[in-house]
Structures are given as structure tokens and as C-alpha cells.
Amino acid sequence: MALDLAFRTAGPYDAPALAGFAEHVFRDTFGPHNRAEDMDAYCSAAFALDHVHHELTDRHYHTVLAFARGELAGYAQLRSIAPPPCVAGPAPIELKRLYVDRRWHGGGVAHALLDRAIAIAMQRGAQTLYLSVWQHNHRAIAFYVKHGFVRVGAAEFQLGADVQLDPVMQRPLPAVPVQPSPAAATSRG
């Protein structure tokens, strides 16, 4: 049975709910494998209410929320910035985050969010989608490979005092607009 998902673009009024959700998913995914003090340092900055609010009002970002059965199940966030040197595709845009709550893993939420992110990236004129992913998140890496991403390099990720090296992956975007799937991994950021 297909999961009934609803999507909408996040606005500044979503900052409190999104900050809490993003921190929960980040800690759930990466917390068991990292030092608590590094997790606390990262989360207190990256998911602070004012920081999330800034991301939701910055024109370089686009955040789409996915709701399953009326509750926030995941979100995808695109960011238009200069890519790392290893990204060689034309007109790149970063998939900064693709977070899905563990309760919805395997239900198609990540696939549907990626389809939405691709459609939005194309609307913004992007031809290449890239991301960085934690090297030990084998589930996410397999998800991205399945969806056409290839490793093109690595980038540092500062988690508190711990500097980690994350694979950078990219894929070309189709020339024809993608129709997002009605329903159906996690990138870091």
C-alpha cells in the first residue's frame, strides 16, 4: 500500500518545528557513532532556532517538507552556493539535507523527497545535483547510488571538535522535468 504523502515549501513560521525535527533525526542517525560533546556542539549551532529561521528566509535555500498521515516525516533542503572543486557538472546545486524520521524509513518518503528536490533544482536552473554524505552511513550511500549519484571526491565536515571526511556525490539532472512521485537515506548538513 502506497503511503499518502503531502508536500509543501517550508516558510519562516516552520522554523521551530523544523529545528526540533532536524535535530532529532540528526541525533538519531549520527549520535550513536559520535562523541556526545561533538554532537551537542554541532546541534546547538546548526539547529538553533535563529539559524533554521535564517535558512528558511535565505533566497539561496529551498526547503520542502513531507507529511505522512498529517505529521512531519522528512524534509529536503537545497542550497545554491559555490560547489567544492570536485563537483564538475554544469549549473550545480547542493542537496544540503535529506532527512527522514526513522519511523518512515522504507516507506518511500526519501524517494519522494528526492524527486521533489530534483524538480525544484531543475526549476531553479540547476543541471547537476550534488551532496556530501557521512562515510559510515552505508544506507544513505546505497540510496544515492541507486538514484544515479557517483562519488566525485570528499569534503571536510566539522562535527564539534571532530573533523570528518565525507564523500561528495553528484548526478546530472535530466533534461526533461521530473514528475515527482506521489509517495514512495539521509544526507548531512
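The values are calculated or read from the model by the stated rules, or taken from the named source; none is laboratory data. All values derive from a computational prediction rather than experimental measurement. So basically every Cβ, Gly included, is an ideal-geometry build from the backbone, and we count neighbours across all protein chains shown.
Within segment 121-139, how many residues turn out to be surrounded by fewer than 21 Cβ atoms within 10 Å (Cβ to Cβ) and either in contact with a Lys or Arg (Cβ under 6 Å, 6 or more places away or on another chain) or part of a helix (DSSP H, G or I) (or both)?
Qualifying residue count for the region: 4.
Applying the selection to segment 88-100, what residues are surrounded by fewer than 20 Cβ atoms within 10 Å (Cβ to Cβ) and either touching a Gly at 6+ places or on another chain (Cβ under 8 Å) or among the hydrophobic types (A, V, I, L, M, F, W, C) (or both)?
If we filter segment 88-100 for residues that are surrounded by fewer than 20 Cβ atoms within 10 Å (Cβ to Cβ), which is where we start, we get 88-91.
Within segment 88-100, A88, A91 qualify.
Restricting to segment 73-97, name every residue that is out of contact with any Ser or Thr (no Cβ under 9 Å at 6 or more places or on another chain) and either among the aliphatic types (A, V, I, L, M) or assigned to a loop (DSSP other than H, G, I, E, B) (or both).
Selection gives A73, S80, I81, A82, P85, C86.
Does A142 qualify as being aliphatic (A, V, I, L, M), farther than 19 Å from G31 by Cβ and surrounded by 23 or more Cβ atoms within 10 Å (Cβ to Cβ)? Walk me through it before giving the result.
Working: aliphatic (A, V, I, L, M): yes; farther than 19 Å from G31 by Cβ: yes; surrounded by 23 or more Cβ atoms within 10 Å (Cβ to Cβ): no.
For A142, the condition - aliphatic (A, V, I, L, M), farther than 19 Å from G31 by Cβ and surrounded by 23 or more Cβ atoms within 10 Å (Cβ to Cβ) - is not met.
Check R151 against each of (1) in a loop (DSSP other than H, G, I, E, B); (2) modelled with pLDDT of 95 or more and name the one condition it does not meet.
All conditions pass for R151, except number (1).
Restricting the first residue to segment 105-120 and requiring it to be under 13 Å from F143 (Cβ atoms), which pairs with a second residue that is β-branched (V, I, T) and modelled with pLDDT of 95 or more meet a Cβ separation below 6 Å and a spacing of at least six or different chains?
V109/V100; A110/V100
Among the candidates A41, A36, A22, A91, which residue alone is at pLDDT 95 or above and under 17 Å from the mean Cα position of the chain (by Cα)? Let's see the steps before the verdict.
Details: A41 fails: under 17 Å from the mean Cα position of the chain (by Cα); A36 fails: under 17 Å from the mean Cα position of the chain (by Cα); A91 fails: under 17 Å from the mean Cα position of the chain (by Cα).
The match here is A22.
Please go through segment 156-171 and pick out each residue that is under 26 Å from M39 (Cβ atoms), surrounded by 17 or more Cβ atoms within 10 Å (Cβ to Cβ) and out of contact with any helix residue (DSSP H, G or I) (no Cβ under 8 Å at 6 or more places or on another chain).
Listed by number, the residues that qualify are F157, Q164, D166, V168.
Return the only residue of V100, V109, V87 being in contact with a helix residue (DSSP H, G or I) (Cβ under 8 Å, 6 or more places away or on another chain) and of a type in the set (V, I, T). Talk me through it step by step, then tell me what you get.
Numbers: V109 fails: in contact with a helix residue (DSSP H, G or I) (Cβ under 8 Å, 6 or more places away or on another chain); V87 fails: in contact with a helix residue (DSSP H, G or I) (Cβ under 8 Å, 6 or more places away or on another chain).
None of the others qualify; the one that does is V100.
Looking at segment 101-120 only, could you name the residues that are in contact with a Phe, Trp or Tyr (Cβ under 9 Å, 6 or more places away or on another chain) and either part of a loop (DSSP other than H, G, I, E, B) or buried (at least 19 other Cβ atoms within 10 Å of the Cβ) (or both)?
Just the residues of segment 101-120 that are in contact with a Phe, Trp or Tyr (Cβ under 9 Å, 6 or more places away or on another chain), to begin with: 101, 110-114, 116.
Those that are in contact with a Phe, Trp or Tyr (Cβ under 9 Å, 6 or more places away or on another chain) and either part of a loop (DSSP other than H, G, I, E, B) or buried (at least 19 other Cβ atoms within 10 Å of the Cβ) (or both): D101, A110, A112, L113, L114, R116.
May I ask you to list the residues in segment 162-189 that are at pLDDT below 90 and out of contact with any strand residue (DSSP E or B) (no Cβ under 8 Å at 6 or more places or on another chain)?
P174, A175, V176, P177, V178, Q179, S181
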